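Participant: I'd like to ask you about the structure that follows.
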Amino acid sequence: MARASDSDGDSELEPVAKRSVGKPGRGGRKWAVRHRDQDGTALSERISLSPPDPGPRDRELLVPLVLAGEIVGRENVTVARDRHRAVLAELPPYALQLSRGYPAIPTVFEPGDGED
């Protein structure tokens, strides 16, 4: 999340962290990587405030859809459906049996991203 420093439409945006109970957050641009085991099962999702350096079993979760005003992420429904099935197959069996509000896999905020 971000907010403008004043009401001027051209002002710089400043990072803002969430304060909601049970929803930790940090202000600023984020990158996300799904960390998987040797069998391809998701172990955690790692969030950082700097571009990731994914390992061989990791998968970046953010995919560009628009760059410099040009659509780059267009795919047909069949490809999207196949990708969705593959991503769901990465989740451990217990991930689809959760109660409302619980994460499917742990989310880990990477240290060293401007923390005090």
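Participant: Looking at (1) modelled with pLDDT of 95 or more; (2) in a loop (DSSP other than H, G, I, E, B); (3) under 27 Å from ARG100 (Cα atoms), find the lone condition where VAL33 falls short.
Facilitator: Of the numbered conditions (1) modelled with pLDDT of 95 or more; (2) in a loop (DSSP other than H, G, I, E, B); (3) under 27 Å from ARG100 (Cα atoms), the odd one out for VAL33 is (2).
Participant: From the list ASP58, ASP53, which one is over 17 Å from THR107 (Cβ atoms) and within 15 Å of the chain's Cα centre (by Cα)?
Facilitator: ASP53
Participant: May I pose another question? What single numbered condition from (1) modelled with pLDDT of 70 or more; (2) under 22 Å from PRO103 (Cβ atoms); (3) over 13 Å from the mean Cα position of the chain (by Cα); (4) surrounded by 10 or more Cβ atoms within 10 Å (Cβ to Cβ) fails to hold for PRO24?
Facilitator: (1)
Participant: Hey, among the residues in region 38-56 that are of a type in the set (D, E, K, R) and assigned to a strand (DSSP E or B), which one's surrounded by the fewest Cβ atoms within 10 Å (Cβ to Cβ)?
Facilitator: Ranking the qualifying residues of region 38-56, first place goes to GLU45.
The values are calculated or read from the model by the stated rules, or taken from the named source; none is laboratory data. What you see is a predicted model, and the numbers here were worked out from it, not measured in a lab. A quick note on method: Cβ atoms are made from the backbone with ideal geometry, for glycine too, and the neighbour counts reach across all protein chains shown.
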